[in-house]
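The values are calculated or read from the model by the stated rules, or taken from the named source; none is laboratory data. Here the structure is a predicted model, which is why all the values come from computation and not from measurement. Counting neighbours? That spans all protein chains shown, and the Cβs are built from the backbone with ideal geometry, glycine included. To get the accessible areas, we keep the full protein, side chains included, count just its heavy atoms, and leave off ligands, DNA and RNA. Shrake-Rupley method; radii C 1.70, N 1.55, O 1.52, S 1.80 Å.
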Amino acid sequence: LMCPPALLALDCTCIHKIRHRNKESYQSNSLTRWSEVSRRIEMWTSVQELNELGEYTAVELHQAKDVNTGGVFQLRQGHSRRLQVAVKPVLQSGTLPLMVEAILSVSIGCVSVRSTKLQRGLDSYQEEDLNCVRERWSEALMKRREYLDEQIKKIIHKQEKTEDDVEREARLVEQWVGLTEERNAVLVPAPGSGIPGAPAHWTPPPGVEAHIPVLFLDLNADDLTMNEHLTGPHASGVNSILPKEHGSQFFYLPIIRHSDQEVPSQTSL
């Protein structure tokens, strides 16, 4: 049985404005601030079967080169099963104050038969939220560019320029050029750059997917709280539909137990 990954990493990203006492103190180094507005979380999935001793133990996970997910669970027919899911932030993966309190629901479904020889392998990667991040970031850069254009024109039209005006004009032009480079870096990020959507540039451990999807939180700029209109059906990630996924074919599983130490939950299959 080829299931979603044993481990799925998610880049959680928010975009908020950074206020300055002087707008001209803005530096075109926003790329270095991605770590301040992002945090990586992991979702572990384990299928457990009832063994001869009456205990639920994790089944073997088979690794294969032609499988894009975390692996293939080796299930035995006729055994009682449970699904264990854990979600936790990754240490040293960003400074966004993101805490995972509890898993509220677990659902399973959309079994898809695939031929590893004739069809492209499926994984958990999608770009719904990534495209939203890029669009919002491009809008922010465009507003900044309009401001720089306005300020540069004011200095150019001055009949007499002071030494401070000349220095300020040079700084503004430098920032204007930097915005173009930054926009290109966000739309086509370099491998391993840490920018959302950057191509995979690592060797994932066993059971881990190579490609990391983005979950856009769209938090309030002042206090990093969730916007009221982004709850329920509009919550982050709800519309991040994977290939071959159909919402009507999912079934909610009863949660049997929550862990007191971390944030894993066990459900009955």
Under 7 Å between Cβ atoms, which residue pairs at least 6 apart in sequence (or on different chains) link something in region 198-211 that is closer than 13 Å to Leu61 by Cβ with a partner that is of a type in the set (Asp, Glu)?
Glu209/Asp123
Considering Ala221, Ala200, which residue is closer than 17 Å to Glu42 by Cα, aliphatic (A, V, I, L, M), touching a His at 6+ places or on another chain (Cβ under 8 Å) and modelled with pLDDT under 80?
Ala200
Leading residue by the ranking (most open to solvent (accessible area, probe 1.4 Å)) among those in region 155-213 that are assigned to a loop (DSSP other than H, G, I, E, B) and among the acidic types (Asp, Glu):
Glu160
For residues that are of a type in the set (D, E, K, R) and part of a strand (DSSP E or B), scanning just region 29-69, find the one that is surrounded by the fewest Cβ atoms within 10 Å (Cβ to Cβ).
Glu42
In region 97-121, what residues are open to solvent by 60 Å² or more (accessible area, probe 1.4 Å) and either basic (Lys, Arg) or not in a loop (DSSP other than H, G, I, E, B) (or both)?
Ile108, Arg114, Lys117, Arg120
I'm trying to understand the selection: among the residues of region 160-194, which are aliphatic (A, V, I, L, M) and within 17 Å of Glu139 (Cα to Cα)?
Val177, Leu179, Ala185, Val186, Leu187, Val188
Let me spell it out: the conditions are (1) closer than 30 Å to Leu217 by Cα; (2) in a loop (DSSP other than H, G, I, E, B); (3) open to solvent by 40 Å² or more (accessible area, probe 1.4 Å); (4) out of contact with any helix residue (DSSP H, G or I) (no Cβ under 9 Å at 6 or more places or on another chain), and Glu135 meets all of them except one. Which number is the exception?
(2)
Just for region 70-87: of the residues that are assigned to a strand (DSSP E or B) and of a type in the set (A, V, I, L, M), which one is farthest from Val100 (Cα to Cα)?
Val72
Any pair with Cβ under 9 angstrom, 6 or more apart, that starts in region 100-125 at a residue that is free of Cβ contacts under 8 Å to residues at least 60 places away in the same chain and of a type in the set (Gly, Ala, Ser) and ends at one that is part of a loop (DSSP other than H, G, I, E, B) and surrounded by 15 or more Cβ atoms within 10 Å (Cβ to Cβ)
Gly121/Val67; Gly121/Asn68; Gly121/Thr69
For region 138-154, what are the residues that are under 25 Å from Val238 (Cβ atoms) and open to solvent by 60 Å² or more (accessible area, probe 1.4 Å)?
Glu139
